[in-house]
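Engineer: This structure is in C-alpha cells; I'll ask about it shortly.
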Amino acid sequence: MNKKGSSLTSVITATLALTLVIPSITVNAESINDLKNKQQELNQKKSELNSHIQEKSNKIDNNESKMDDMMEQISKLDTKILEADKKISNVLGKIDATTSEINLLKTSIADLEQKIDERNQLLQKRARAIQENGGKVSYIDVVLKAKNFADFVDRVSAVNTLLEADRLIIQEQQKDQNKLEEQKGTLEEKLQKQELYRDELHLLRKTLDVQKQDKNLLIDKLENEQSKLKSEKKLLESEYSEALNISKEVEKDIAKEQARLAEVARKQAEAARNSTTTVSNAGETGDIPEVASGTWTKPTNGRLTSGFGWRNIGAGPEFHYGVDLANKEGTPIVAAADGVVFRASPLSTYGNVIMITHSINGHTFTTVYAHLSGYNSKVGQVVKKGQVIGYMGQTGRAYGSHLHFEIHTAAWQGQQVGAVNPLRYISL
C-alpha cells in the first residue's frame with residue numbers, strides 16, 4: 001500500500017494557504033488591534049484545520065497499515081493452505097496406491113480360493129473311491145494282478161505316478177492354504193491402513209476448510225477497511241479498473257457466446273464427474289504452477305503486485321476487479337478450473353485476453369486472464385484445471401509483464417457484474 005498521508009497533507013495545506021489569504025485592506029479601514037485579532041483568528045482556524053487534516057491522514061495511514069497486516073496474514077494462511085493441499089494430494093495418492101494393492105490381493109485371494117476348492121473336490125472324489133473299495137486302495141494288489149512282466153512294469157509305473165500325484169496335490173494344497181492365510185492377513189493390514197489414510201484425509205480436509213474460512217474472514221475485514229478508506233478518500237466518483245472500455249454491441253456478443261457455451265460447460269462438468277482424465281501439458285516448459293487438489297487452482301506462478309479493491313497506480317483512484325501476478329514474459333498461464341474457452345482474442349485495454357466459462361455444482365462462473373503474450377487455447381475448446389491456456393505478457397494497458405486475473409460468480413457481463421476477490425477461491 002502507498003502511504004499518501006503526507007502528500008495529502010501537503011496538497012490540502014497548500015490549498016488552504018491560497019484560500020485563507022487575508023484580503024487586502026488599509027490601515028485606515030481598521031485599527032492595528034483589529035488586524036492583529038483577525039490574524040490570530042485566522043491562525044487559529046488554520047491550526048485547527050491542519051490538526052484535522054493530520055488526524056485524517058493518520059487515520060488513512062492506519063487503515064493502509066491494517067490492510068498491509070491483513071495481506072500478510074492472508075499470505076501466511078495461503079502458505080498453510082498450500083501445505084495442507086499438498087498433504088491431501090499425498091494422502092490421496094497413498095489411498096489410490098493402497099486401493100490398487102487391495103484390489104490385486106482380492107483377485108489373488110479369489111484365485112487361490114478357487115484352486116483350493118477345486119483340489120478339495122478332487123480329494124473328496126479320491127476319498128469316495130477309497131471308501132467304495134473297502135476303505136483303502138491296495139496298490140500292492142494292483143501290481144500283483146499283472147498278467148506279464150510288461151504289464152507289471154506298466155502297473156508299477158502307474159502306481160508310482162498316482163502316489164506322486166497325490167503327494168503333489170497335498171503339497172500344493174498346503175502351500176496355497178498358507179499363501180491364502182498370508183494374503184488375507186496382508187489384506188486386513190491394507191484395509192486398516194486405508195482406514196487410517198481416510199481418517200487422516202478427513203482431518204486434513206477439516207483443517208483446510210477452517211484455514212479457508214479464516215482466510216475469507218480476513219478478506220472480509222480487508223474489504224471493509226478498503227471501504228472505509230474509499231469513503232475517507234472520497235473515491236466514489238472514479239470506479240474503473242484496467243480502463244476497460246468496450247461497446248454495448250461487443251458486450252452483447254460476448255454474453256451471447258458465453259450463454260451458448262455455458263451449456264457445453266455444464267455437460268463437460270457432468271462428464272468430468274465420471275472421468276479420471278488427467279491434465280497433459282506435454283511439451284510445455286517454464287514455470288508451470290502445481291495443480292491444487294480442489295475445484296480451483298492458481299492460474300500462474302508469480303508475485304502478487306496488486307490485490308482486489310481500491311488502488312491508485314498513477315492514473316487516479318480506481319477499483320481493481322481482480323488480482324495481478326507478476327513474472328517474466330512467457331510464463332505459462334493455466335485454467336483455474338475445468339471449463340470451456342469462450343473468448344481468446346484482444347479486447348480493449350485487457351490486451352490479449354482469454355475468458356473461460358465454468359459450470360461448478362450447476363452454477364456458472366467466469367474467469368478472465370488478461371495481458372497475455374500469446375494463446376495456447378481457442379474458442380470452444382474444453383480445458384481441464386491446470387491445463388496451459390496461454391502465456392504471460394504485457395499487452396493492453398499493462399506496466400510490466402503480469403497476469404490480470406478475475407473471477408466472476410456469473411456469466412461475464414462486464415467487470416462489475418459478479419466480480420469477487422479471487423483469493424477467496426485460489427491460494428497463492
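The values are calculated or read from the model by the stated rules, or taken from the named source; none is laboratory data. Everything numeric in this text was worked out from a predicted model, so none of it was measured. Positions of Cβ are generated from backbone atoms using ideal geometry, with glycine treated the same way; all protein chains shown enter the neighbour counts. The accessibility values were calculated without ligands, DNA or RNA, using every heavy atom of the protein model including side chains. Shrake-Rupley method; radii C 1.70, N 1.55, O 1.52, S 1.80 Å.
Engineer: Considering every residue within region 290-298, establish whether at least one is over 23 Å from Ala265 (Cα atoms) and open to solvent by less than 10 Å² (accessible area, probe 1.4 Å).
Structural biologist: no
Engineer: Shifting gears a bit: Among the strands (runs of 3 or more DSSP E) confined wholly to region 339-428, which include 1 or more residues that are open to solvent by less than 10 Å² (accessible area, probe 1.4 Å), closer than 27 Å to Glu284 by Cβ and in contact with a helix residue (DSSP H, G or I) (Cβ under 7 Å, 6 or more places away or on another chain)?
Structural biologist: Working: elements: 339-346, 352-360, 363-375, 388-392, 402-408.
Where strands (runs of 3 or more DSSP E) fall fully within region 339-428 and carry at least 1 residues being open to solvent by less than 10 Å² (accessible area, probe 1.4 Å), closer than 27 Å to Glu284 by Cβ and in contact with a helix residue (DSSP H, G or I) (Cβ under 7 Å, 6 or more places away or on another chain), they are 339-346, 352-360, 363-375, 402-408.
Engineer: Please identify the pairs in which a residue from region 289-307 that is over 17 Å from Glu406 (Cβ atoms) and charged (D, E, K, R) has its Cβ atom under 8 Å from the Cβ atom of a residue that is open to solvent by 60 Å² or more (accessible area, probe 1.4 Å) and outside any loop (DSSP other than H, G, I, E, B), counting only partners at least 6 apart or on another chain.
Structural biologist: Final answer for the pair search is Glu290/Lys86.
Quick grid of which residues meet (1) in contact with a Cys (Cβ under 7 Å, 6 or more places away or on another chain); (2) small (Gly, Ala, Ser); (3) modelled with pLDDT of 90 or more:
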| position | (1), (2), (3) |
| --- | --- |
| Trp310 | no, no, no |
| Glu318 | no, no, no |
| Asn327 | no, no, yes |
| Asn352 | no, no, yes |
| Ile356 | no, no, yes |
| Thr364 | no, no, yes |
| Lys378 | no, no, yes |
| Lys385 | no, no, yes |
| Gly390 | no, yes, yes |
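Engineer: What are the residues in region 90-108 that are closer than 15 Å to His202 by Cβ and open to solvent by less than 50 Å² (accessible area, probe 1.4 Å), if any?
Structural biologist: Listed by number, the residues that qualify are Val91, Ile95.
Engineer: Oh, and also: Just for region 153-206: of the residues that are within 48 Å of the chain's Cα centre (by Cα) and polar (S, T, N, Q), which one is modelled with the highest pLDDT?
Structural biologist: Going through the qualifying residues, I end up with Gln192.
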